[in-house]
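So the structure is just underneath, and the comments pick up after that.
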Amino acid sequence: MLTGQTILITGAGGLLGSQVTAAILAQGAKVIAADLSVAAMKTKFTELIETHLDSLSLVALDVTNEVDVKQFFLKQNELSGAVNCTYPRNAQYGTAFLDVSLDSFNENISLHLGSSFLFMQQCAALFTRQKTPMSVVNVSSIYGVVAPQFSLYEGTSMTMPIEYAAIKSALLHLNKYVAAFVKDSRFRVNSISPGGIFDHQPSPFLEAYRQSTHGHGMLSPSDLTGSIIFLLSQQSQYVTGQNIIIDDGFTL
């Protein structure tokens, strides 16, 4: 579905980004995989590098650094699409709601939502230069759509960070803003909103979460790649400013 396209993936070395990278390469696209450390990506992508030597480029990029991000985009000649899988946060991220300081809250908003703004802004700027079709995909969350179910976290040390809810809900409207601002059918901005992604969470949480779905429970990163590929492809060529919820019925 993506043969001949060049796709940028930021946060490519992460839990989701690495699976998205592999899936997009399998669809015949060239991939620019960007993350903080090229060395870490080389370790993670050993097999992909061997099998997709001519299709995979690794780039060091800090999405929270405005100068670096702008310079990176200025060097790009033509991108068919971009997927933002980054998840920047500070050391206090995940603190219980009543203990979150204003400085920490503001810093996390700046790191995550601010870098998402910068990413979309520079995608839009690149499109105005290249004037060829471009699809941008962001990763929101079910907790950008509905309120948290705090009962799921009972008996664990986990919580649902207030910053996360604020960022992921704002991201959905930021998508609409950017799509409406550019207002060109060739430039599209959409999101997916996944349910919880399995990352070895405590068993009580996993079971409680499963009972809130239709039976599947936590998702694997590979459960999300099909929707991302759809949004990048011409199969969704007039879908813009939209959000695809992938949660096995959690939000119903």
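Quick note: the coordinates plus some simple rules give every number you see, no bench work behind them. Treat the numbers as computed from the prediction; the structure is a model and nothing was measured. Cβ coordinates were reconstructed from backbone atoms using ideal geometry, including for glycine residues, and neighbour counts include every protein chain displayed.
Pull out a ≥ b ≥ c, the square roots of the eigenvalues of the alpha-carbon gyration tensor of segment 98-152, then state rounded if a/c is under 1.5, prolate if not and a/b is larger than b/c, and oblate in the remaining case.
Oblate, because a/c is 1.5 or more while a/b does not exceed b/c.
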Taking Cα atoms only, helix 115-130 is inclined relative to the longest principal axis of the chain by an angle, in degrees rounded to 10, of 20
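When a/c is below 1.5 the answer is rounded, else prolate if a/b is larger than b/c, else oblate, so apply that to segment 1-91 with a ≥ b ≥ c taken from the square roots of the Cα gyration tensor eigenvalues.
oblate
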Residue 243 long-range amide H proximity, modeled H, under 5 Å
191
Which whole-Hz couplings ³J(HN,Hα) result when phi for each residue of segment 223-235 is put into the Karplus expression 6.51 cos²θ - 1.76 cosθ + 1.60, θ = phi - 60°, listed in order with x for Gly and Pro?
5, 9, 5, x, 5, 5, 4, 4, 5, 6, 8, 6, 5
In degrees rounded to 10, the 0-90 angle between helix 162-182 Cα long axis and the longest Cα principal axis of the chain is 30
Nonlocal amide H pairs with residue 31, under 5 Å, H built at 1.01 Å
7, 56, 57
Across 30/183; 44/168; 44/176, pairs whose alpha-carbon gap is larger than 32 Å:
44/176
Check: C-alpha center segment 110-161 vs C-alpha center segment 1-66, spacing in Å is 19
What residues have an amide H closer than 5 Å to that of residue 224, excluding those fewer than 5 places away on the same chain, when H is modeled at 1.01 Å from N in the peptide plane?
none
Phi to ³J(HN,Hα) by Karplus 6.51 cos²θ - 1.76 cosθ + 1.60 over segment 35-41, Hz, x for Gly, Pro:
7, 5, 10, 5, 4, 5, 5
Given axes a ≥ b ≥ c from the Cα gyration tensor, I'd like to know whether segment 152-208 is rounded (a/c under 1.5), prolate (a/b larger than b/c) or oblate.
prolate
Relative contact order (percent, whole number), the chain, Cα cutoff 8 Å, 6+ residue spacing
19
Candidates (1) 0.96; (2) 1.24; (3) 0.98; which is the computed Rg/Rh (Cα atoms, Kirkwood Rh)?
(1)
So what is log10(I(q)/I(0)) for segment 162-252 at q = 0.14, 0.18 1/Å, when the Debye sum runs over its Cα atoms only?
-0.61, -0.89
Highest average packing first - 164-171, 10-17, 47-54, 126-133, Cβ atoms within 10 Å
10-17, 164-171, 126-133, 47-54
